[in-house]
């Protein structure tokens, strides 16, 4: 198990009701973690509509999660 910090923005922040949280998880990758969180919190955005950042750099959905990582699931943003 590892503990990671997750920051939420836009629609995900609205749906979760918080802007960040720490999660203890057995997920091995950001993709696996997002699938778990999507089911748990009923996020409406599918993974293919998001980008992931790991420790302030864009990352791969298949990257290995490590204890202490910070993740941001970045939803599409409407410009204006």
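The values are calculated or read from the model by the stated rules, or taken from the named source; none is laboratory data. Model, not experiment: these values are computed from the prediction. Neighbour counts run over all protein chains shown; Cβ positions are idealised from the backbone, glycine included.
Can you work out which of the residues in the stretch 52-66 that are free of Cβ contacts under 8 Å to residues at least 24 places away in the same chain and out of contact with any helix residue (DSSP H, G or I) (no Cβ under 6 Å at 6 or more places or on another chain) is surrounded by the fewest Cβ atoms within 10 Å (Cβ to Cβ)?
Per the stated criteria, the residue is 57.
Which numbered condition trips up residue 75, out of (1) under 11 Å from the mean Cα position of the chain (by Cα); (2) modelled with pLDDT of 95 or more?
Among (1) under 11 Å from the mean Cα position of the chain (by Cα); (2) modelled with pLDDT of 95 or more, residue 75 violates only (2).
Among the candidates 45, 12, single out the residue that is more than 23 Å from residue 68 (Cβ to Cβ) and surrounded by 14 or more Cβ atoms within 10 Å (Cβ to Cβ).
45
Only one residue in 49, 35, 42 is touching a residue at least 12 places away in the same chain (Cβ under 8 Å) and within 11 Å of the chain's Cα centre (by Cα). Which one?
Checking each option against the conditions leaves just 35.
Does residue 7 satisfy the condition of being out of contact with any helix residue (DSSP H, G or I) (no Cβ under 8 Å at 6 or more places or on another chain) and surrounded by 11 or more Cβ atoms within 10 Å (Cβ to Cβ)?
Criteria met by residue 7.
For residue 9, work out the one condition from (1) more than 16 Å from residue 63 (Cα to Cα); (2) at pLDDT 95 or above it doesn't fulfil.
So residue 9 meets the others, but not (2).
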